[in-house]
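Report on one structure; see the data block that follows.
A short reminder: the numbers here are calculations on the coordinates, not readings from a lab. As the structure is a computational prediction, the values presented were derived from the model and not from experiment. Heads up, the Cβs are rebuilt from the backbone with ideal geometry, glycines too, and the neighbour counts pull from every protein chain shown.
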């Protein structure tokens, strides 16, 4: 299961944080899989409302919230604004579904910080050179669906998507 598979059923729009190269790369990948996307670059919190409004007025059926410091650091504000626009959001970190996103496919933030970053920090403290550290990726990716959000925005979730979910959130989110 990949985020683009989630977006394939719901025409999507992708957020890109500071520097749009990653968003443009994601756009090319989605279009290659016949998923129509529009990119809305955000560099600061003041960009969120105009970007969400532009996505909504462009006819986007969902937002793919990419991982970046500006988006992750302001994720609760983004989730609130997306909910007000009645757009489902698909996020990169599993935690974000519990915070008001419709769905997430990826690792937990704790897994990234606790496992990967901590391990790299230990290696550096033991004398490893930064250039000797391998690029590491999380080993576990989970699909999490927030049913409460889906119901609130009137989105019907296919049973096949439920079957693939590692977790389905049905209670109120924070």
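Side notes on the structure shown:
- Between 0 and 90 degrees, the angle of helix 75-84 with respect to the longest Cα principal axis of the chain falls at about 10 degrees.
- Mean Cβ count within 10 Å, highest first, over the residues of peptides 137-147, 67-77, 112-122, 82-92: 82-92, 137-147, 67-77, 112-122
- The chain: angle of helix 48-57 to the longest principal axis, Cα-based, in degrees nearest 10: 40
- Size of the chain as Cα extents on the principal axes (Å, biggest first): 53, 33, 32
- The distance separating the Cα centre of segment 123-144 from that of segment 29-52 comes to 28 Å.
- Whole-number D in µm² s⁻¹ for segment 92-174, Kirkwood Cα-pair radius fed into Stokes-Einstein, 10 °C, 1.306 mPa s: 110
- When both bridge partners sit in the chain, DSSP labels roughly 20% of those beta bridges antiparallel.
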